[in-house]
Amino acid sequence: MRPIFPFVLLLTLLDAVPASAMPRLPRDVFDVIPSETRVTGGRGDMTVKQTACRIGNTADLRRRIVNIAIQEWAFFGFHTMNAAGGSALVLPAVIAPDLVSADLSPADAQQKMIEIETAQAGSKDFSVAGYWSATPDGPAVIAQQNAAWNAAGRRPTYWVQPWSAAFMSWVMCEAGLGNPLQFHRSIAHREYVDQGIRTSDGEEIYSAYTAYDPGARRIEPGDLLCTSWGNADYHDVTDRRRAMGSYASTHCDVAVKVTMNRVAVIGGNVMLTVMMSILPLTQDGGAFPHAVSEPKSEGARPIFAHLKLRATPIEANALDNSPTVKALGKK
């Protein structure tokens with residue numbers, strides 16, 4: 001649930017241009033209700049005031065999921081991690097016109113992670129609380145966080161619970177998957193991964209996502225790519241099917257752009273922020289190219305499930321065509 005990438009790997013962390021966070025777009029430009037409006041109060045006495053979700057037009061679902069994730073990535077500061085190596089050409093030129101990437105040593109990568117964590121601690125508390133509001137257990141988690149804030153004198157502190165699944169739940173909530181039969185919003189990714197497996201097994205018919213092994217279907221923007229670690233050493237859907245319903249450390253990101261040999265994905269609580277990861281694609285052992293979660297090295301976590309969105313396809317370079325990127329180009 002808390003995807004902090006192993007320091008033993010040589011990663012490329014990219015400070016995207018502009019380096020500062022971008023305000024969310026006005027609702028008359030992109031109709032998304034900011035997550036922080038779903039909670040009220042301050043650190044120590046925060047409560048949830050909105051738990052309802054949109055139920056929208058599925059014809060526009062894939063694009064809304066992608067565009068919402070991109071807007072949150074920009075709002076948190078465009079943090080990007082390149083696990084593919086080489087130039088990050090997957091990023092639109094307007095975001096990174098003169099981007100030069102450099103491999104970091106494990107020590108430098110760790111220091112960069114600490115800098116990101118420190119900058120994010122407390123700065124987006126109300127947004128994260130709004131993410132939690134989209135999950136059934138959100139009020140209980142916020143109550144735990146209130147206790148942590150009060151113990152710290154109401155100063156900003158790290159969240160007591162990992163919020164990556166809460167982020168994904170809110171994205172789906174705001175995108176239009178308000179019915180739990182379509183998407184099982186939860187504080188744990190494994191809940192909606194299991195829903196996708198049940199759909200692939202013919203046990204559910206309304207789910208928005210169907211689980212496939214990596215390489216079994218073409219990756220498209222709006223699909224989810226899921227990894228495991230710790231107690232869950234999964235390599236394909238069958239591995240999870242054997243343990244469905246049980247606890248597992250899992251994480252999923254949403255694809256926002258696919259090229260010939262790269263895929264850009266966005267997820268929450270990656271290094272305690274909303275992070276874009278650029279992953280390499282390979283076609284060994286599959287009918288279609290599939291993503292490698294990190295360079296093949298000790299500690300790498302393979303992607304074990306591709307959750308395919310049952311919605312109208314959109315263009316592979318959806319990132320470039322998002323309202324957020326278009327707004328940057330007009331500045």
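A few comments on the model shown:
- Interchain or long-range residues, amide H under 5 Å from Ala305's placed H: Cys226
- Burial ranking of peptide ranges 72-83, 167-178, 146-157 (average Cβ count within 10 Å, highest at the top): 167-178, 72-83, 146-157
- Computed from backbone phi, the HN-Hα couplings of segment 258-264 come to 10, 10, 4, 9, 9, 9, 9 Hz, rounded to whole numbers (Karplus: 6.51 cos²θ - 1.76 cosθ + 1.60, θ = phi - 60°; Gly and Pro given as x).
- Long pairs among Lys49/Lys308; Lys124/Lys326; Lys112/Lys330; Lys308/Lys330, criterion Cα-Cα beyond 27 Å: Lys49/Lys308; Lys112/Lys330; Lys308/Lys330
- Among the trypsin sites (Lys or Arg not before Pro) found in segment 221-295, those both in a DSSP coil and sparsely packed, with 10 or fewer other Cβ atoms within 10 Å of their Cβ, are Arg242.
- Close amide-amide hydrogen proximity is noted between Tyr234 and Ser228, each under 5 Å apart and 5 or more residues distant or on a separate chain (H modeled in the peptide plane; Pro and chain starts excluded).
- Couplings for segment 141-157, taken from phi via the Karplus curve 6.51 cos²θ - 1.76 cosθ + 1.60 with θ = phi - 60°, read 5, 5, 4, 4, 5, 4, 4, 5, 4, 5, 5, 9, x, 6, 7, x, 8 Hz in order; Gly and Pro are left as x.
- Segment 40-90 and segment 176-198 have Cα centres spaced 17 Å apart.
- Each residue of segment 64-78 was assigned a 3J(HN,Hα) from its phi angle through the Karplus curve 6.51 cos²θ - 1.76 cosθ + 1.60 (θ = phi - 60°); the sequence is 5, 4, 4, 5, 5, 4, 5, 4, 5, 4, 5, 4, 8, x, 6 Hz, with glycine and proline shown as x.
Only the coordinates and a few stated rules stand behind these numbers; no lab work does. All figures in this text were calculated on a predicted structure; none of them were measured in a lab. Please note: Cβ atoms are built from the backbone with ideal geometry, for glycine as well, and neighbour counts cover all protein chains shown.
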